[in-house]
1. Which loop-located GluC sites (Glu not before Pro) does the range 39-110 contain, where loop means any DSSP state but H, G, I, E or B and the Cβ has at most 11 other Cβ atoms within 10 Å?
2. From zero outward in steps of 10 Å, how is the percent of C-alpha pairs of the range 25-101 spread across the bins?
3. Hey, rough spin-label estimate for ARG117 and ILE133, points 7 angstrom out along Cα→Cβ, what's it come to in nanometres?
4. On a straight-distance basis, which lysines could pair with LYS39 in a cross-link, Cα separation under 17 angstrom, same-chain partners fewer than 8 positions away excluded?
5. Using a 7 Å offset from the Cα along the Cα-to-Cβ direction at both SER83 and GLU101, what is the distance between the two label points in nm, to one decimal?
6. Over the range 104-154, calculate the relative contact order: mean separation of alpha carbon pairs under 8 Å at least 6 apart, over the residue count, as a percent.
Amino acid sequence: MFLRFRLSLALLATLSLPLAAHSQQSLGTVPQQQLDVIKVLLAQEEAWNRGDLDAFAQSYKDSPDTLFITSSVNRGYEGLLESYRRNYPNRAAMGNLAFSELEVHPLDERFAVVIGRYRLERSKKDGGNAEGIFSLVLEKTEKGWKIVVDHTTG
């Protein structure tokens, strides 16, 4: 419950428009596209923190064209999932994931870019803490918004 509340506050803070730029009468709402994209990342965070790699990976497009870029370029959904399973073989190795400073940049009605930060907290014996930045390209598909390019530093 606390995590959901914290995520809701982070979502509102991330997507809120500066009040100084708008009069009280012209306050706007966050476009549905941006909310839908943020929901993908919130679902990923929740799945990760449950230790459910399969649910976490469902946010990616199941395609041989999906790209996962870290210190190398990995192509395809199956390779991405295998890499996650190899690098995070158990719940302790997965630790606790938190996204922050999320920015959604719609490109058109089918594509959006998200940038943000991640922090992974875990014990030293399980790999230690990790953090970095990421950029994602998401595509609106028949199955909803899916990540097609993930570039993560850390």
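1. Passing both the DSSP loop test and the Cβ count: GLU109.
2. It works out to 17, 41, 30, 8, 4, 0, in whole percents.
3. 1.1
4. LYS61, LYS140, LYS143, LYS146
5. 2.2
6. Result for the range 104-154 is 31 percent.
Read-outs: derived from the displayed coordinates by stated rules, not from any lab. On a predicted model such as this, the values are computed, not experimentally measured, just so you know. Every residue, glycine among them, receives a Cβ derived from its backbone with ideal geometry; neighbour counts consider all protein chains shown.
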